[in-house]
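The numbers here are math on the coordinates, done by the rules we state, and not lab data. Quick caveat: nothing in here was measured; it's all calculated off a predicted structure. All Cβ positions, glycine included, derive from the backbone under ideal geometry; neighbour counts span all protein chains shown.
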Amino acid sequence: MQLKNDLLLRTLRGEETERTPVWMMRQAGRYLPEYMKLREKYGFFERVQTPELAAAITIQPIDIIDTDAAILFSDILVVPQAMGLEVQLIESKGPILPEPVKTENDLKRICVPDVNERLHYVFEAIKLTKKELNDRVPLIGFAGAPWTILCYMVQGKGSKTFDEAKAFCYMQPKLAHQLLQMITDTTIAYLREQVKAGVDTIQIFDSWGGLLSKSDFENISLKYIRQIVEALKEETLVIIFAKGAWYSLKEMSETGAAGLGIDWCIEPQTARGFAGNNISLQGNFDPAKLLSPIPQIEKEVKQMLSGFGKKNHVANLGHGILPNVPVDHAKAFVNAVKNMQWED
Ligand code: 1CP
């Protein structure tokens, strides 16, 4: 079936489009009252593992905010869960992995699973979402980058620095690379099945990539992201979002990815200079700026779009939307992108 709105896919292919496509990272989530209603009734993993609930939550922002793409409601932590680690989600506190990986013995507790056995609910949610979206907009699948997944598997919880995860990589490099390779192999199989189930494009979230120096990012993160892109680039369009890792945009642009996400700490022109002209850039509105008055949002969206130019840009935030953003501010952001008047 032909998508009614394929602006995102055409932009990622490098084609010229009528206007800039727009979606928001974490657009299915806590700032939406409709999400909060389901959150009161069902636990986090119940929402993730029940295809009907995951599909309904995925489609909420399409109905309410009218973004140009849907992103599957799931979480990057379903991968460590499928590999054999317990993952809990504590309300308003975030994820906890009570038995993190610290030693060689711990590594024996985890495996590269059969994704069809352990993550079938994701593929069912994708099929159902595609059906219910009825070709309105493309569906984005995703996974965490191996380094970001290792952060949680080793640290056992969220962190500002992920110092224990870093120490694990620096002090036990052989073990760290074994773990990174296991995550990579699982992720490749997982994303392949997402594509088979019907996602139109995929994003790799390396939320903690920017915590590493350039050389560590290359060795611990990009090396594995490259394997994932290599394995999938013939089958789908791949977006890499490595938050804060602006210093490696050039190297990321050479992986075969179709798009690169950037955050608000780099200017569009500077990012373009690093990434070259043959790739789309995605971003980079400061999520906290959605808290400012609507006229201010509208003004800054115009500035952002002018900075990126008409072609090869997917408008987005520079990281996930915050839970305290008013819904009409999120709408104003999306509408400002849609209503952009270019002066030729
Ligand atoms: O209702 C709740 O309180 C749960 C909050 C929540 C939500 C809505 C979590 C727990 N995960 C999600 C969904 C989610 N997670 C999506 C859905 C699709 C979307 O609308 O975008 C996606 C893409 C993710 C990906 C994810 N999970 C990332 C990468 C993106 C990012 O924001 O950097 C990360 C780092 C996670 C881990 C995670 N899961 C949940 C939380 C609160 C966190 C972050 C924990 C931390 O701060 O370390």
(request) For the stretch 138-175, name all the residues that are part of a helix (DSSP H, G or I), of a type in the set (A, V, I, L, M) and over 16 Å from residue 112 (Cβ atoms). (result) 154, 165, 167, 171
(message) away from the ligand (no atom under 16 Å from the Cβ) and crowded, with 16+ Cβ neighbours inside 10 Å: which single residue out of 230, 193, 235 fits that description?
(response) 193
(request) Residues that are more than 12 Å from the ligand (Cβ to nearest atom) and among the charged types (D, E, K, R): find the helices (runs of 4 or more DSSP H) completely inside the stretch 1-64 holding 1 or more of those. (result) 7-12, 33-41, 51-64
(request) Please indicate, with yes or no, whether at least one residue in the stretch 110-123 is within 28 Å of residue 23 (Cβ to Cβ) and acidic (Asp, Glu). (result) no
(request) Hey, can you tell me all the residues within the stretch 104-137 that are in a loop (DSSP other than H, G, I, E, B) and basic (Lys, Arg)? (result) 108, 109, 136
(request) Collect the residues in the stretch 325-344 that are part of a helix (DSSP H, G or I) and either under 18 Å from residue 28 (Cβ atoms) or within 16 Å of the ligand (Cβ to nearest atom) (or both), keeping them in residue-number order. (result) 327, 328, 329, 330, 331, 333, 334
(request) Filter the stretch 266-324 down to residues that are farther than 19 Å from residue 203 by Cα and either more than 16 Å from the ligand (Cβ to nearest atom) or exposed (fewer than 15 other Cβ atoms within 10 Å of the Cβ) (or both), then give me how many there are. (result) 35
(message) Only one of 157, 130 is over 19 Å from residue 77 (Cβ atoms), of a type in the set (Lys, Arg) and buried (at least 16 other Cβ atoms within 10 Å of the Cβ). Can you tell me which?
(response) 130
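To keep it simple, each residue is scored yes or no on (1) outside any helix (DSSP H, G or I); (2) touching a strand residue (DSSP E or B) at 6+ places or on another chain (Cβ under 8 Å).
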site: 185; (1), (2): no, no
site: 189; (1), (2): no, no
site: 194; (1), (2): no, yes
site: 215; (1), (2): no, no
site: 223; (1), (2): no, no
site: 229; (1), (2): no, yes
site: 235; (1), (2): yes, no
site: 240; (1), (2): yes, yes
(request) Would you tally the residues in the stretch 66-80 being farther than 16 Å from residue 130 by Cβ and within 11 Å of the ligand (Cβ to nearest atom)? (result) 7
(request) Please list, ordered by first then second residue, the pairs with beta carbon atoms under 7 Å, 6 or more apart or interchain, first in the stretch 284-295 and of a type in the set (D, E, K, R), second in a helix (DSSP H, G or I) and surrounded by 14 or more Cβ atoms within 10 Å (Cβ to Cβ). (result) 289/297; 289/300
(request) Considering each residue of the stretch 292-331, count those that are closer than 16 Å to residue 65 by Cα and of a type outside the set (Val, Ile, Thr), and give that number. (result) 13
(message) I need the full set of residues from the stretch 297-324 which are charged (D, E, K, R) and part of a loop (DSSP other than H, G, I, E, B), in order please.
(response) 310, 311
(request) Identify the single condition in (1) touching a residue at least 12 places away in the same chain (Cβ under 8 Å); (2) part of a helix (DSSP H, G or I); (3) more than 22 Å from residue 142 (Cβ to Cβ) that residue 251 does not satisfy, given that it satisfies every other one. (result) (3)
